[in-house]
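The values are calculated or read from the model by the stated rules, or taken from the named source; none is laboratory data. Computed from a predicted structure; not experimentally measured. Methodologically, a virtual Cβ is constructed for each residue, glycine included, from the backbone with ideal geometry; neighbour enumeration extends over all protein chains shown. Heavy atoms of the whole protein, side chains included, go into the accessibility calculation; ligands, DNA and RNA do not. Shrake-Rupley method; radii C 1.70, N 1.55, O 1.52, S 1.80 Å.
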Amino acid sequence: MAHLDAYNRPISYLRISVTDRCNLRCVYCMPPEGVPWRPHEEILRYEEIETVVRAAAELGISKVRLTGGEPLVRLGIVDLVRSLARIPGIDDLAMTTNGILLGRYAADLAAAGLRRVNISLDTLRPDRFRRITRLGRMEDVLVGMEAARQAGLEPIKINTVVIRGMNDDEVVDFARKTMETGWNVRFIELMPVGNGVLADGGWREKVVTAREIRQRIEAALGRLEPAKVSVGNGPARCYRLPGAQGTLGFITPISEHFCYRCNRLRLTADGQLRPCLLSDYEIDLRTPLRQGADVAQIKALLLRGIENKPLRHHLDERRRPEKRVMSEIGG
């Protein structure tokens, strides 16, 4: 059974950033030259990650999601998936990826025990995709999506960060995909955790709220109906257009925070436990691990993180995290 935090929330979900490196340079996340990477020796080894997950499983955490940076750029990622999938108590092992390398790895990941993937895709236009990501080709993402479908890594969810003046004119096009091809799209409000073109404080003017997105979609395509998703719904509120096979979700960290039902902890690429994405409070796990800490000792540190999980973020009070960018935290 999952442990409860100080606010009676069951903590059952661990997100793990396996690397801070990425093969894209998305404009809202990084400057063109990228960001300084952590030295390899600071990044958690796979056996250290496995120890943390074993400890988490003994505390009732049953869902693990691998993120980055871009998790598929780290060598041996399939081996890590295979190791984590064998841990008793972990019954939902998923990954968030930009999809660029997914065509190469999807079948092996599924065979190793990965259950599902979320794919980040902020535009449906190849030329705009290149401008937003600076390095990527949208065709590679679509190939990866199809490979994931064939491998059974479903339901596939498409994560779309909506940014005013950058891609907000495509929300209806994304919604149509739920009708035409059965996509499951998740619209995410822009958050100030990055080091890109919005790092100067102008991010609030770029936020497009879920309410506005929904109004645009309903004006064009009809009224949304509440929908249930079988697995991995997370913080999204999910809906369906009439007759659509796919779903639309809205993740609202800015306009309507969902902290009251947050069930997750995060492990950064360099081994720091973050009870809240949008707080700089961290607990060092890497140092104890490298001093020989066993599962019981890591469990005690995880419990400290659960006990110190804050009630909510404070972006509405103009307080934002400063220590890390999203590629290090894992989203």
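Some values worked out for this structure:
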| item | result |
| --- | --- |
| Selection status of Arg45, open to solvent by 50 Å² or more (accessible area, probe 1.4 Å), farther than 19 Å from Lys299 by Cα and among the basic types (Lys, Arg) | no |
| The listed residue being open to solvent by 10 Å² or more (accessible area, probe 1.4 Å) and closer than 25 Å to Arg286 by Cα, out of Ile11, Ile90 | Ile90 |
| So Arg214, is it open to solvent by 40 Å² or more (accessible area, probe 1.4 Å) and not in a loop (DSSP other than H, G, I, E, B) | yes |
| Inter-residue pairs, beta-carbon under 9 Å, first of a type in the set (Asp, Glu) and in segment 243-266, second in a loop (DSSP other than H, G, I, E, B), 6+ apart | Glu256/Thr209 |
| The lone exception for Glu170 - which of (1) farther than 21 Å from Arg214 by Cβ; (2) over 15 Å from the mean Cα position of the chain (by Cα) it fails | (1) |
| Residues satisfying the stated conditions in segment 250-296, i.e. in a loop (DSSP other than H, G, I, E, B), loosely packed, with under 15 Cβ neighbours inside 10 Å and in contact with a Pro (Cβ under 9 Å, 6 or more places away or on another chain) | Phe258, Asp280 |
| Unmet criterion (only one of (1) crowded, with 19+ Cβ neighbours inside 10 Å; (2) modelled with pLDDT under 95; (3) farther than 20 Å from Cys262 by Cα) for His40 | (1) |
| Qualifying helices (runs of 4 or more DSSP H) (wholly inside segment 113-195; at least 2 residues being of a type in the set (Lys, Arg) and surrounded by 21 or more Cβ atoms within 10 Å (Cβ to Cβ)) | none |
